Amino acid sequence: MTSIINILVNGLILGGIYALTSVGLSMQYGVARIFNIAHGEFIMVGAFITWMLYTSFGINPLLCLVVAGPVLFILGFIVHRYLFKTLKDKTPVPTAFEGNSMLLAFGILFIIQSLGIYLWGTQIKGYSFMAYSIYLGGIRFSANRMLILFFAVFLCVLFYLFLTRTRPGKAIRAAAQDPEAASLMGVDINKMLALCFALGAMMAGFAGVLLSMAYQLQTNMGLPYTIIAIIVVVLGGLGSIPGSMLGGFILGIIGSIVNTIDPGLTLAAYYLLFMILLLVRPSGILGR
Amino acid sequence: MLEVNTLNVSYGNVQVLWDVCLKVDEGEIVALVGANGAGKTTLLNAIAGLVKPASGSVTFLGEDITGYSSNAIVERGIAYLPEGGRLFPDMSVLENLEMGAYLKNSWNKRNERLEKVYEIFPLLKERRKQLAKTLSGGERQMLAMGRSLMSGPKLGMFDELSYGMAPKLVMEAFKMLETLRDNGITVFLIEQNVKQSLEIADRAYVLENGEIVSGGSCNALLESDHVRKAYLGL
Ligand SMILES: Nc1ncnc2c1ncn2[C@@H]1O[C@H](COP(=O)(O)OP(=O)(O)OP(=O)(O)O)[C@@H](O)[C@H]1O
Ligand SMILES: [Mg+2]
């Protein structure tokens, strides 16, 4: 019984991180039509900023959320404004833009990763923060992982409320459904696309901060997270934000179960699920 | 109020509008009629900033707005109900209306405006939580019209407002346009219902193959042989 609860909770923790890493990617694709292969690099940057601030200056990793968030928001904004926006102006055909933007994102992936290696090397990094156990109902949990779960859920809920309750959030959703009609409502589409991309990078940054508290870091960690995020986004339904959140938790729990059988099989299980999904229900759980 | 001067619009190599000139004065209801493919929607798109004209100009309240982005044009006070309504399908009725009041100045007034729209279309209030994609055709047009009023426009451009509406509703929608005019909103409308639109409008233009072929008071047009033959089937 205890072990089942442990597996589930571990799944939820992993799922929280997956959800957080995926909502940004989902929105970037759903609204800006950018299949951002470089998404994981923003996670890596968020994680390493936290590692650096904690190990060099002793800054509390939770405080790093308010540092890494804005830094990645601005980075995302600049990347969209100067790269994707320029590409979009030069590629008037939407389908051609989708393809070209993926190629551009590949370039960004390698540039950010190389800069990361230049700054932080290639060794595995990590630090210990709140590395003690807490007991809930007699079951042992590690404190930092519970903190990750709490903040992952909290940030997902906040993001969801932003999209559904606020003026810019509604404009983002409207722009995803019909950009031209949104512009007839007075929405500045270019600004909205940059905002989306920046928010996606920020959510990735948050995920990086959180996962650095309990998982190992390496400058090449970005791509595996991107791939998982892609699986989650397809699982949840392309462009569906609640779908990505749900998909993240489902994949996390599957990962946690497979992990107890053999950790080496986790990625293989994800891919298997991904392929089955593509064949059986390509529109995802909450897809249209 | 709105002046279109020798406007030319092309899609690629195909020219669709040829030297179009027209004007809409404050407080008028002006109709634009023409056959399918004449270029009516294109003209409205060009005015609203969705397509860039090859040459010519559009002036609104004395300001040259040619080539402005569509969001900048809405800000100047032009609301545009595009062909087919173009609602946000996965948003509720209420959220669609709220999007109509997206502009900063309108957003603070959205609740008063909402009440006004609900007064005009009580049905929308009943259905405010329903997703737009689940509305019937006529309800969608109502919502599209309500949404275009949420920005508090000075000029409303309606592309086939009566599309998908039952005859009785069409009558009501046309009466609505007069109410709008009485509330200080100038109306520029495109209609398939040539007879009815000529009956409610003050003036009208006839667009054929991208050119304005006649224009003037609706009474005169209703009497002209060409309009009677080509559009009224008389
Ligand atoms: N995006 C586009 N690309 C290329 N050609 C277009 C485009 N939009 C419209 N056209 C062409 O321009 C011409 C005018 O189209 P438009 O939609 O303006 O006509 P309309 O008068 O609104 O017709 P309807 O009454 O059927 O709505 C048509 O021949 C149409 O095929
Ligand atoms: Mg048309």
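In the set B:VAL4, B:VAL51, which member is outside any helix (DSSP H, G or I) and in contact with a Leu (Cβ under 9 Å, 6 or more places away or on another chain)?
B:VAL4
Count, please, the residues in region B:29-47 that happen to be within 13 Å of ligand 2 (Cβ to nearest atom) and outside any strand (DSSP E or B).
Adding up the residues that qualify gives 12.
Report whether or not B:THR59 is under 19 Å from the mean Cα position of the chain (by Cα), away from ligand 2 (no atom under 16 Å from the Cβ) and free of Cβ contacts under 8 Å to residues at least 40 places away in the same chain.
Against the criterion (under 19 Å from the mean Cα position of the chain (by Cα), away from ligand 2 (no atom under 16 Å from the Cβ) and free of Cβ contacts under 8 Å to residues at least 40 places away in the same chain), B:THR59 does not qualify.
Only one of B:GLU83, B:GLU115, B:GLU26 is part of a helix (DSSP H, G or I) and either within 12 Å of chain A (Cβ to nearest Cβ) or away from ligand 2 (no atom under 16 Å from the Cβ) (or both). Can you tell me which?
After applying the criteria, what remains is B:GLU115.
Considering only region B:95-112, I want to know if a residue exists there that is over 16 Å from A:VAL187 (Cβ atoms) and of a type in the set (A, V, I, L, M, F, W, C).
The answer is no; no qualifying residue exists.
Restrict the check to region A:161-171 and report whether at least one residue is more than 30 Å from B:LYS104 (Cα to Cα) and either open to solvent by less than 20 Å² (accessible area, probe 1.4 Å) or out of contact with any Leu (no Cβ under 8 Å at 6 or more places or on another chain) (or both).
Checked against the condition, which is being more than 30 Å from B:LYS104 (Cα to Cα) and either open to solvent by less than 20 Å² (accessible area, probe 1.4 Å) or out of contact with any Leu (no Cβ under 8 Å at 6 or more places or on another chain) (or both), region A:161-171 yields no hits at all.
Which numbered condition in (1) within 14 Å of chain B (Cβ to nearest Cβ); (2) open to solvent by less than 20 Å² (accessible area, probe 1.4 Å) is the only one that A:LYS191 fails?
A:LYS191 satisfies all of (1) within 14 Å of chain B (Cβ to nearest Cβ); (2) open to solvent by less than 20 Å² (accessible area, probe 1.4 Å) except (2).
Evaluate region A:74-97: report whether one residue or more is over 18 Å from A:ALA32 (Cα atoms), not aromatic (Phe, Trp, Tyr) and not in a loop (DSSP other than H, G, I, E, B).
Among the residues of region A:74-97, not one is over 18 Å from A:ALA32 (Cα atoms), not aromatic (Phe, Trp, Tyr) and not in a loop (DSSP other than H, G, I, E, B), which makes the answer no.
Taking only region B:196-234 into account, find how many residues are in a helix (DSSP H, G or I), open to solvent by 30 Å² or more (accessible area, probe 1.4 Å) and within 16 Å of ligand 1 (Cβ to nearest atom).
Summing the residues that are in a helix (DSSP H, G or I), open to solvent by 30 Å² or more (accessible area, probe 1.4 Å) and within 16 Å of ligand 1 (Cβ to nearest atom) in region B:196-234 gives 2.
Name the residue that is farthest from ligand 2 (Cβ to nearest atom), counting only residues in region B:130-178 that are away from every other protein chain (no Cβ under 13 Å) and touching a Ser or Thr at 6+ places or on another chain (Cβ under 7 Å).
So, considering only residues that are away from every other protein chain (no Cβ under 13 Å) and touching a Ser or Thr at 6+ places or on another chain (Cβ under 7 Å), the one farthest from ligand 2 (Cβ to nearest atom) is B:GLN130.
Inspect all residues belonging to region A:62-75 and state whether any of them is within 20 Å of A:GLY24 (Cα to Cα), in contact (Cβ under 8 Å) with a residue 12 or more places away in the chain and open to solvent by 80 Å² or more (accessible area, probe 1.4 Å).
yes
Of the conditions (1) open to solvent by less than 70 Å² (accessible area, probe 1.4 Å); (2) within 18 Å of A:ILE13 (Cα to Cα), A:LYS125 clears all except one; give me its number.
It is condition (2) that A:LYS125 fails.
Based on what the data block shows, is B:GLU208 acidic (Asp, Glu), in contact with a Gly (Cβ under 8 Å, 6 or more places away or on another chain) and more than 19 Å from B:ALA173 (Cβ to Cβ)?
So B:GLU208 fits the description; yes.
Can you tell me which residue is most open to solvent (accessible area, probe 1.4 Å) among those in region B:31-71 that are over 23 Å from A:GLU180 (Cβ atoms) and within 16 Å of ligand 1 (Cβ to nearest atom)?
B:ALA35
Please verify whether B:ASP90 is open to solvent by 50 Å² or more (accessible area, probe 1.4 Å) and more than 16 Å from ligand 2 (Cβ to nearest atom), treating the condition exactly as stated.
In short, no.
Give the residue, chosen from A:GLY243, A:GLY186, A:GLY237, A:GLY222, that is in contact with an Asp or Glu (Cβ under 7 Å, 6 or more places away or on another chain) and within 14 Å of another protein chain (Cβ to nearest Cβ).
A:GLY186
So how many residues does region A:236-259 have that are hydroxyl-bearing (Ser, Thr, Tyr) and modelled with pLDDT of 90 or more?
2
In region B:20-30, what residues are under 18 Å from B:VAL187 (Cβ atoms) and either acidic (Asp, Glu) or open to solvent by less than 30 Å² (accessible area, probe 1.4 Å) (or both)?
B:LEU22, B:VAL24, B:ASP25, B:GLU26, B:GLU28, B:ILE29, B:VAL30, listed by residue number.
Output the number of the condition that B:VAL16 fails; it satisfies all remaining conditions of (1) touching a residue at least 60 places away in the same chain (Cβ under 8 Å); (2) part of a helix (DSSP H, G or I); (3) within 9 Å of ligand 1 (Cβ to nearest atom).
Going through (1) touching a residue at least 60 places away in the same chain (Cβ under 8 Å); (2) part of a helix (DSSP H, G or I); (3) within 9 Å of ligand 1 (Cβ to nearest atom) one by one, B:VAL16 breaks only (2).
Report whether or not A:SER142 is in contact (Cβ under 8 Å) with a residue 60 or more places away in the chain and over 22 Å from the mean Cα position of the chain (by Cα).
yes
Can you work out which of the residues in region B:181-193 that are open to solvent by 10 Å² or more (accessible area, probe 1.4 Å) and not acidic (Asp, Glu) is nearest to ligand 2 (Cβ to nearest atom)?
The extreme case among them is B:GLN192.
Pick out the one residue from B:LEU177, B:LEU169, B:LEU155 that is within 30 Å of B:GLN15 (Cα to Cα) and of a type in the set (A, V, I, L, M).
B:LEU155
The values are calculated or read from the model by the stated rules, or taken from the named source; none is laboratory data. In this text, all values refer to a predicted model and were calculated from it rather than measured experimentally. Because the Cβ atoms are built from the backbone with ideal geometry, glycine has one as well, and the counts that use them run over all protein chains shown. Only protein heavy atoms, including side chains, enter the accessible area calculation; ligands, DNA and RNA are left aside. Shrake-Rupley method; radii C 1.70, N 1.55, O 1.52, S 1.80 Å.
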